[in-house]
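Rule-based calculations on the coordinates, nothing more; no lab input. Nothing here was measured: the structure is a model prediction, and the numbers come from that model. Here Cβ is always computed from backbone atoms with ideal geometry, including for glycine, and neighbour counts include all displayed protein chains.
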Amino acid sequence: MSKQLRFSYKDKDYCLEFTRRTVEQMERNGFVASDIKDKPMLTLPALFAGAFLANHRFVKADLINEIYDHMTEKTELIGKLAEMYNEPIMTLVEEPDEKAEGNVSWTASW
Amino acid sequence: MVRTPLSELRGSEQENDASPPLSYSEQFHKVFPMYLAMGMTYEQFWDGDSILAVDYRKADEIRNDKLNQQLWLQGMYIYEALCDVAPILRAFPKKGTKPHKYPAEPYAISQKERKQKSEQKEKLVAEKGKAMLDAMIRKQKNPQPIKEEKEVKEYADNR
């Protein structure tokens, strides 16, 4: 199952996710993935709005902005949204065998 | 196995260093035919769960392995058939040369089939042994001059 972000707002449940079609649609509308890294706080609202396209296509922009304003922990949110956004492309990439000779395993300090 | 290395998804960096990396959409369109060939539908690829692509790749790998095994098996049958007819394919075979008999049954591939075949073989050997024993007992009880081995063999074969 693909990565999803679930929450409730005003008694309505929302399930945000990206599909390849919604990612394509966002790019057609001018969204550039590399901006997530360069200007995250500017990109976040667009990314957040794009995540509605898969399951809540007809939610109005005003409501999305309203929900966005009420979202807590925005720094973590951008990380999760970026992960979700990258998933449709990452699932197309072959994972190298961890045990195979020459492949690099790594650890993060946080 | 069809692979999509990240370097390939990044675009033609080697061909033209100045070209920008492919956008996500371009990358999707680039690999889309490959997934269609694997049996993924248009809706599954574009609107479905993105993880599905991983499952399709794994399924394709299994399918390829299976096909490889089938082709290998077919090669084995052809090889065996050639070996069987080889005696009569010689330029000057001896008079009365006959081809070897082609196996009456296909090879036992699965564990179950192998077990069944080995049980069948054991049963056959046991029956043959029993038949020989019966013939020996009969011979001792009724010491008539019998046609010895030939009769024993016939009796065993009939069993």
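Return A:Tyr14, B:Tyr107 ranked ascending by Cβ neighbour count within 10 Å, so the fewest neighbours appear first. Don't skip to the end; give the middle numbers.
Numbers: A:Tyr14 17, B:Tyr107 12.
So the ranking, lowest neighbour count to highest, is B:Tyr107, A:Tyr14.
Which entries in A:Lys37/B:Lys58; B:Lys98/B:Lys128; B:Lys66/B:Lys123; B:Lys117/B:Lys141 show an alpha-carbon gap greater than 29 Å?
Pairs exceeding the cut-off: A:Lys37/B:Lys58; B:Lys66/B:Lys123; B:Lys117/B:Lys141.
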Electrostatic dipole magnitude of the range A:2-66 [Cβ: Lys, Arg +1; Asp, Glu -1; Cα centre; debye, to 20]: 160 debye
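Work through the residues other than A:Glu73 whose Cβ is under 15 Å from its Cβ and net out their charges, Lys, Arg +1 and Asp, Glu -1. Before the final figure, lay out each step's value.
Numbers: positive: A:Arg6, A:Lys74, A:Lys80; negative: A:Asp69, A:Glu76, A:Glu83.
Taking every Cβ under 15 Å from that of A:Glu73, the sum is 0.
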Karplus-derived HN-Hα couplings along the range B:113-118 (A = 6.51, B = -1.76, C = 1.60, θ = phi - 60°), whole Hz, x at Gly and Pro: 4, 4, 5, 4, 5, 5
Among A:Val59, A:Gln4, A:Leu92 the positive-end extreme of the charge dipole of chain A (Cβ point charges): A:Val59
Cβ-based exposure ranking for B:Lys95, A:Lys74, in which fewest neighbours within 10 Å come first: B:Lys95, A:Lys74
Inter-chain shielding of A:1-13 (mean C-beta neighbours from other protein chains, 10 Å cut-off): 1
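Relative contact order for chain A: what is it in percent, counting Cα pairs under 8 Å that are at least 6 residues apart? Don't jump to the answer; show the numbers that get you there.
On the way: 77 pairs, mean separation 31.8, N = 110.
29 percent.
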Ranked list, fewest to most other Cβ atoms within 10 Å of each Cβ, for A:Thr75, B:Thr41, A:Thr22: A:Thr75, B:Thr41, A:Thr22
